[in-house]
1. With r defined as the distance between the Cβ atoms of T145 and T39 and R0 fixed at 45 Å, what FRET efficiency is calculated, to the nearest 0.05?
2. At 7 Å along the Cα-to-beta-carbon direction for both L29 and T160, put a label point, then send me their distance in nm to one decimal.
3. Just to confirm the filter: which chymotrypsin sites (Phe, Trp or Tyr not before Pro) across the stretch 118-164 are DSSP coil and have at most 10 other Cβ within 10 angstrom of their Cβ?
4. Give the relative contact order (percent, whole number) for the stretch 92-200; include only Cα pairs under 8 Å separated by 6+ residues.
5. Suppose each label sits 7 Å from its Cα in the direction of the beta carbon; what would the V172-D56 distance come out to in nanometres?
6. Arranged from highest to lowest average of other beta-carbon atoms within 10 Å per residue, in what order do the peptides 132-139, 169-176 appear?
Amino acid sequence: MRNITVNDDTCGPVVYISGDVNNDGRLELTEKWYYRCTTTLSATTTNIVTVYGESDDSYRDVATDTATATVVVGAVVVDTGVHAAPLTPPLINIIKIPNRLTPFPFGGGDVTYTYTVTNPGIVAMNDIVVTDDKCGPIALIGGDTNYDHLLDINESWVYTCQSNISVSTRNVAIAEGKANGFIVQDQTFANVYVTPGLPKTGLSITPWHIIVLASILMIISTSLIFVFKKKTI
């Protein structure tokens, strides 16, 4: 992808740090770009980060991803009335990939979406929910390696969903998790294209239409031959 931008609704400027290993200005499949922003908070704050990118092909398709992060100021949890420790808010990340990355022919077809949900934070999450505005039901197929129903920081939960589309479709998936009284979400978008059909003229094709068209073409061809012969005499 090209033209990568990162915006934060409560912190700026967001500065690129590293990741473009070949310095070509394009986010390659094997690259991870890192950005940084520093601000001072006086109260617990939840901010929204949005990333934009443009496909490096003739489609110039725009991809976006958003994430939320909460920083707690002043809140504590008391352990047995003796020790106090700051509450840690959770973080969640979702990536969605359709199995169809090239346009369907006219009429569309079946597309399978794969969702990978990870925990980039430092606290495990419960009540993980994944939704998609244009595909359902979404099924968990693996990732909870210790079967404790908690999304741990070293786990990647994988979900799948299949849908049939007849037109180009843009959909959004949202992953949600909970920990320490906080609810966190991340969302991602995906586009699947379907080649459009020919414009509708309102006319139905019948044998009579074919005969008329053939007759017109024959008259035009005969006229052109006559003109050509007349010019060559």
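1. For T145 and T39, the calculated efficiency is 0.80.
2. Inter-label distance under the simple model: 2.0 nm.
3. Working: sites: Y147, W157, Y159; in loops: Y147.
Sparse-neighbourhood loop chymotrypsin sites (Phe, Trp or Tyr not before Pro): Y147.
4. Over the stretch 92-200, the number comes to 37 percent.
5. With each label placed 7 Å out from Cα toward Cβ, I get 2.8 nm.
6. Working: 132-139: 14.9, 169-176: 19.0.
Put in order of decreasing packing, that is 169-176, 132-139.
Quick note: the coordinates plus some simple rules give every number you see, no bench work behind them. Since the structure is predicted, the reported quantities are computational estimates derived from the model, not experimental observations. Counting neighbours? That spans all protein chains shown, and the Cβs are built from the backbone with ideal geometry, glycine included.
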